[in-house]
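Throughout, read-outs are computed from the coordinates displayed, never taken from laboratory work. All of these numbers come straight from a predicted model, not from anything done at the bench. Reconstructed Cβ throughout: ideal geometry from the backbone, glycine too, with neighbour counts over all protein chains shown.
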Amino acid sequence: MLVDLHIHTNVSSRCSSVTPQQLVERSRELGLDAVCVTEHSTGVGAQVNYEYALEQGFKVFRGMEVYTELGDMLAFGWLDRVKYYLFPFTELRKEVEERDGIIIPAHPCRGISDARHRYRHTLDEELAQAIVAIETHNGAVTRKSNDQAERLRKKYGLFGTGGSDAHHVSHIGRSLTVFEESIGDERELIEALRGGRYRAIYGDELFGGTDL
Ligand SMILES: [Zn+2]
Ligand SMILES: [Zn+2]
């Protein structure tokens, strides 16, 4: 099952131009089985896209991307309006774990200009305890950053996910997660992410060097 795990839309992310309609149309065109909408610090956009996609017979899973002092975190299982823009990781962990959700660090080795991503060779101890997977294939950072994330993944024995981090319709599918099993709902998605029966890939491995 082919899933883009990290997408922003214009419903809640001002930095994105992707409309719910474009999201469904483009994902279908690419042959994706589902996508995750992960807006910054709110679950509202994910909910709107989820409902729209449901009407269209396409599968959208709801998540969030939360800005913490340990970097951006993809969170599944907890949907809310995050109270503060920079949300303490400990609080995020509490909210997500109370709901039996999962946290996956997004683009953990993004550019050196981002001071929060200082753990390029090691993971913060609390973070390492809280996760089973990191995003090793992010469609919006350099291959070098992703390769570094892949090295971190191996070092800590984690699973790796892929998501485009799309902010424009043409970016959807740049990076993907291929699950071995079919996933029906968000509870199953969380279980699957914990189980590790998936791998991250770049879209061009599937779609060739097309105009992605
Ligand atoms: Zn991010
Ligand atoms: Zn993002």
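Bridgeable lysines around Lys154 (alpha carbons under 19 Å apart, same-chain partners fewer than 8 residues away excluded): Lys144.
Using alpha carbon centroids, what distance separates the range 139-203 and the range 62-100, in Å? Taking the Cα centre of the range 62-100 as reference, the centre of the range 139-203 is 18 Å away. Multiplying the residue separation of Glu205 and Arg28 by 0.36 nm and subtracting their alpha-carbon distance yields 62.0 nm. Each of Cys15, Cys36 was scored by other Cβ atoms within 10 Å of its Cβ. Listed from fewest to most, they are Cys15, Cys36.
Please compute the length gained on full extension between Arg99 and Glu51, using 0.36 nm multiplied by the number of residues separating them and subtracting their Cα-Cα distance.
Working: separation 48, 0.36 × 48 = 17.28 nm, distance 2.16 nm.
Contour length minus Cα-Cα distance gives 15.1 nm.
Of all DSSP-defined beta bridges confined to the chain, some 55% are antiparallel rather than parallel. Out of all DSSP beta bridges with both ends in the range 55-159, state the antiparallel percent to the nearest 5. Beta bridges within the range 55-159, antiparallel portion: roughly 90 percent. The slack between Val132 and His168, meaning 0.36 nm per residue of separation minus the straight C-alpha distance, is 10.1 nm.
Over the range 2-207, what portion of Cα pair distances is larger than 32 Å, expressed as a whole percent? Write out the running numbers ahead of the final one.
Working: 1427 of 21115 pairs.
Summing the P(r) tail past 32 Å for the range 2-207 gives 7 percent.
First measure r as the distance between the Cβ atoms of Gln21 and Tyr84, then evaluate 1/(1 + (r/R0)^6) with R0 = 41 Å and state the FRET efficiency to the nearest 0.05. The partial results should precede the final answer.
Values: r = 32 Å, r/R0 = 0.78.
Efficiency for this residue pair is about 0.80.
With 10 angstrom as the radius, rank Ile134, Ile7, Ile102, Ile201 by how many other C-beta atoms surround their C-beta, starting from the fewest. Walk me through the intermediate numbers first.
Details: Ile134 28, Ile7 31, Ile102 23, Ile201 16.
Lowest to highest Cβ neighbour count: Ile201, Ile102, Ile134, Ile7.
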